[in-house]
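Colleague: Supplied in structure tokens, the structure appears directly below.
The values are calculated or read from the model by the stated rules, or taken from the named source; none is laboratory data. All of these numbers come straight from a predicted model, not from anything done at the bench. Reconstructed Cβ throughout: ideal geometry from the backbone, glycine too, with neighbour counts over all protein chains shown. These area figures cover heavy atoms from the full protein model, side chains too; ligands, DNA and RNA do not enter into them. Shrake-Rupley method; radii C 1.70, N 1.55, O 1.52, S 1.80 Å.
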Amino acid sequence: MGSAPSRSLREPAPAGVIDTIGTAFMILNRRPYLALMVVGLDLLLWLGPRISVSEIGRAVNQLLSRPELGGQAPAPVPVLSADFDALVILASLIPSLVAALGPDNIALPYQPLVLQPMLAASIGIVFSLFLASIGLGMSYWTILAHVVRGERLRRAQLFRSTLRNTLAMLTYLGLLALAAVGLSFLAGFTLFGATLLGLGDIVLVPFTIAAVVLTIVFYIGTFFVEDAIVLSGAGPFRAVIYSLGICRIAFWPTMRFIAASLIVQLGLPLALRVFTQNAAAVPFALVSHSYVATGLILASLLFYRERIVIVLRQGTNVKREEEESRQ
């Protein structure tokens, strides 16, 4: 009498990190056009006009230097300085070499036009660019998700999916902003009370350590939120649950994948800096970075797709066991 096949025989284990990355680049080699959106955005950031939002920085400094707020002008915020190009906001969800290195660190064939709008216009431009960055980024992620699922890129379906994913991401970011504001107020009041009691220096150190640890945990736990939104059609809360589920059922593979992604994302722009010092070599750097960055996002989607099945199956089994226990 033969034994029943084991679970591992019926359900092959998900591919490892190296195999997943290799498969992702095989997909990209068959569809190199998937990297064109990144190349186009980098070309815009490289050759397009510069939009300065220094008026917002100046207004913030004037507000914080008022007597009732201490009367001392703070150091200028880098992202609100005259050197900051607001167009870089468009790269919020898309990997960009120009955004990673900074537009001023890439050689130009000509002097770009610099626009310096007034305060009200600057605020409107920043807000509009932020919304555009979410829509542009989610369209990019949605296209890659359709390819990973093996679906044809139909315009109507792609538009609906992109709109839904954009709204989900905006909701997620809005909830994050509210949570950040709430935590900031809580931390501020706690530190203020500790300072009044003469414990400011003692409390500041553990607060800083806790903030760093929580930031790392949050980054790891929500690493696959974008994947959950575009592949599973999840809303903000469920996307976080799915991302945490991936980390739970495949903790060490997830750590290896995140480490490999970070090494490439941080190291590749530095390696390509030698090509960004000459305007004639910049296109090679942009195309190379776009190819590798797109391959990594495809790998992330593949990594998530193979493991979310296990997460959902475990959730179904738990619900079934709970129903059986009630009967």
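Colleague: Hey, if we sort TRP252, TRP46 by accessible area with the 1.4 Å probe, largest down, what's the order?
Modeller: Numbers: TRP252 165, TRP46 15 Å².
From most exposed to least exposed: TRP252, TRP46.
Colleague: Could you point to the residue in ILE21, PRO109, ALA260 farthest towards the positive end of the chain's charge dipole, with +1 and -1 charges on the Cβ of Lys/Arg and Asp/Glu respectively?
Modeller: Working it through, the farthest residue towards the positive pole turns out to be ILE21.
Colleague: Same structure again: Binning at 10 angstrom from zero up to the longest distance, how are the C-alpha pair distances of the stretch 163-287 distributed in percent?
Modeller: Going from the shortest bin to the longest, the percentages are 11, 25, 26, 25, 11, 2, 0.
Colleague: Using DSSP H assignments, which helices in the chain have an axial alpha-carbon span of 24 Å or above and a mean Kyte-Doolittle hydropathy of -0.5 or higher?
Modeller: Details: long enough: 119-148 (43 Å, 1.79); 155-196 (60 Å, 1.12); 200-221 (30 Å, 2.15); 251-271 (29 Å, 1.30); 282-326 (65 Å, 0.20).
TM-like helix candidates: 119-148, 155-196, 200-221, 251-271, 282-326.
Colleague: Give the longest segment of the chain that steers clear of trypsin sites (Lys or Arg not before Pro) in DSSP loops with at most 12 neighbouring Cβ atoms within 10 Å, not counting the sites themselves. Display every interim value, and only then the final one.
Modeller: Working: sites that count: ARG149, ARG152, ARG154.
Maximal segment without exposed cleavage sites: 155-327.
Colleague: Here is a further query. Using a 1.4 Å probe, what is the accessible area per residue for the stretch 130-198, in Å²?
Modeller: On the way: 4080 Å² over 69 residues.
That works out to 59 Å² per residue.
Colleague: Let me ask you something else. Name the long-range amide H neighbours of LEU115: under 5 Å, sequence gap of 5 or more, or other chain; modelled H, no Pro or chain starts.
Modeller: ARG50, ILE51, SER52
Colleague: Quick check on the chain: helices-only [θ] at 222 nm, where DSSP H runs of length 4 and up contribute -39,500 (n - 2.57) each and the sum goes over total residues. Nearest 500, please.
Modeller: Details: 12 runs with 228 residues, N = 327.
The per-residue figure over the chain is -24000 deg cm²/dmol.
Colleague: Separate question: Taking all protein chains in place and a 1.4 Å probe, what share, in percent, of the accessible surface of the chain do carbon and sulfur account for? Before the final figure, lay out each step's value.
Modeller: On the way: 12880 of 18750 Å².
Percent of accessible area from carbon and sulfur atoms in the chain: 69.
Colleague: Can you compute the radius of gyration and Dmax for the chain, using only the Cα atoms, both in Å?
Modeller: 23.4, 88
Colleague: In whole Hz, what ³J(HN,Hα) sequence does the stretch 85-95 give by Karplus (6.51, -1.76, 1.60; θ = phi - 60°), x for Gly and Pro?
Modeller: Karplus-based 3J(HN,Hα) across the stretch 85-95 equals 9, 5, 4, 4, 4, 4, 8, 4, 10, 10, x Hz.
Colleague: Which chymotrypsin sites (Phe, Trp or Tyr not before Pro) in the stretch 202-261 sit in a loop by DSSP (not H, G, I, E or B) and have at most 14 other Cβ atoms within 10 Å of their own Cβ?
Modeller: On the way: sites: PHE207, PHE218, TYR219, PHE223, PHE224, PHE237, TYR242, PHE251, PHE257; in loops: PHE223, PHE224.
Nothing satisfies the criteria.
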